[in-house]
1. Between Leu129 and residues 5 or more places away or on another chain, which pairs have amide H atoms under 5 Å apart, with H built 1.01 Å from N, and which residues are they?
2. For Ala340, list long-range residues whose amide hydrogen, built 1.01 Å from N in the peptide plane, is under 5 Å from its own amide hydrogen.
3. 5 Å is the cut-off here: which amide hydrogens, built 1.01 Å from N in the peptide plane, fall below it relative to Leu346, excluding neighbours closer than 5 in sequence?
4. Of the listed values (1) 23.8; (2) 25.1; (3) 20.2, grab the one calculated as mean projected area of the Cα convex hull in nm² from the structure here.
5. If you take every residue apart from Ile43 with its C-beta less than 11 Å away from the C-beta of Ile43, what net charge results, scoring Lys and Arg +1 and Asp and Glu -1?
6. Note down the net charge around Leu8, summing +1 for each Lys or Arg and -1 for each Asp or Glu among other residues with Cβ under 11 Å from its Cβ.
7. Using a Gaussian network for the chain with springs between C-alpha atoms less than 10 Å apart, which of these wobbles most: Ala67, Ala271, Ala87?
8. ³J(HN,Hα) across the stretch 303-310 via Karplus (A = 6.51, B = -1.76, C = 1.60, θ = phi - 60°), whole Hz, x for Gly/Pro?
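Only the coordinates and a few stated rules stand behind these numbers; no lab work does. Since the structure is predicted, the reported quantities are computational estimates derived from the model, not experimental observations. Neighbour counts run over all protein chains shown; Cβ positions are idealised from the backbone, glycine included.
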Amino acid sequence: MTDRHSLLSTAQATELRATVRGRTWVPGDDGFDHARQPWNLAIDQPAAAVVEARDVTDVIALVHFAAATGVSIATQPNGHGASGRTAGAILLRTAPLADIEIDAENRLARIGAGVSSGELQRATAAYGLTALPGSSPVVSVTGVALGGGLSWFGRAFGWVAESVTALDVVDAQGRAARVDAEHDAELFWALRGGGGDYAIVTGVEIALQEAPAVYGGRMLWDASHAPAVARAFREVTAAAPDELTLWLELMSFPGANPLVAIDLTYLGPEATGRELLSALEALPAPLSDSRGMLSVAELGSITAEPTDPSPGMSRAELLTRLDDDAITALLAEPIAPLLAVQVRHLGGALAQPSDTPHGALAEPYGVYLLGSPGLADATSIIDRQQRLADSLPTSGHKPVTMLRANEGLADALPADSLERLRQIKRERDPQGVFRANFSALV
């Protein structure tokens, strides 16, 4: 136990336990270090206490407690996207807020703030509907939406945040409210992509999309085929309809040969999907090919990302183009000590005007660079990420959900959106009751 955790007096800790009905941990308690742990184990996340809210009443009570004691609340369903900026704060876990209600007739889902993407997809699949899931089934839907959110179906339907039609919140005065485009439109705008620094979100209403057929999977080759695969990726994405999304993956795992993959989803039948992928079909036979018709509940199987906490060091950039020079730079040398370099095709609906803090996403591609400090020296990972980023045509911006711990909203959002968010923060939370992973004021 260190001093940075010890900001609640014994009397305050006792009062906190009496204030909420959910589980509470303070420094020195068994399980405290595990409770404060973020999903990314490379991030140190100090806290004055951890509270697991049982319901909205707990959230309201906690806000009143925090305001009275001058302690901030950092809210996380499960710790994805943590920046470690929680010293002295009460870490609020909203994972128990896990209700799911599907209104199939109106194509809406009403969910608690703790619902994961995989849980929501399993619920929608029964009705031939889908939300806007990303590659991981274990991230919270609310956390992704608060950061704007990229998904497999973003090219067809835009930001995850744009699918949010209403939010249940608790404000800095401890008042519960429901906000939407007609009721507190300014807060509604801020929460759909500007982070969670303006209110605690306890529930979300989301518009669903029809998904009677989804074709997708992974094609995997030895890395010796990377130049041909990258060119085919560019050829397919240059003409891809909005229903088709491709990601190019370079992979290098210790003790194994480097690999290259194409991950994809297509909102349509297999026959049409294969026609659209003719450039890939002309490549040498892959080592494996998992493509087929999928339930929207199975999308997490495409990339098979880890579902348990692990250490990682990531960096994301948006690319202004993927020309010959960019492909050459991408493949100029092995990616090691990085584990993966992922190039995502963006565009489509993401490039259209959007009444969210991100606005339209002008860049047609994004790149995500991942290393593990458990498998390689952290300095070498950072250096390789920097050299690769410097060699690529980057715009200097990135999505909120892919910010690193040492970055901020200014690295993701337009200047006018950032100033608008700062004003909302000053007006809605002048005492700093809420502390998000990334604040407009930092």
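1. Hits under the 5 Å cutoff: Ala211.
2. The list, which skips near neighbours in sequence, is Ser252, Leu370.
3. For Leu346, the qualifying residues are Tyr365, Gly366.
4. (3)
5. On the way: positive: Arg36, Arg85, Arg404; negative: Asp44.
Spelling it out: positives minus negatives among the neighbours equals +2.
6. On the way: positive: Arg17; negative: Glu15.
With Lys, Arg at +1 and Asp, Glu at -1, the net is 0.
7. Sorting by GNM fluctuation, first place goes to Ala271.
8. Running phi through 6.51 cos²θ - 1.76 cosθ + 1.60 with θ = phi - 60° gives 9, 6, 5, x, 10, 10, x, 7 Hz.
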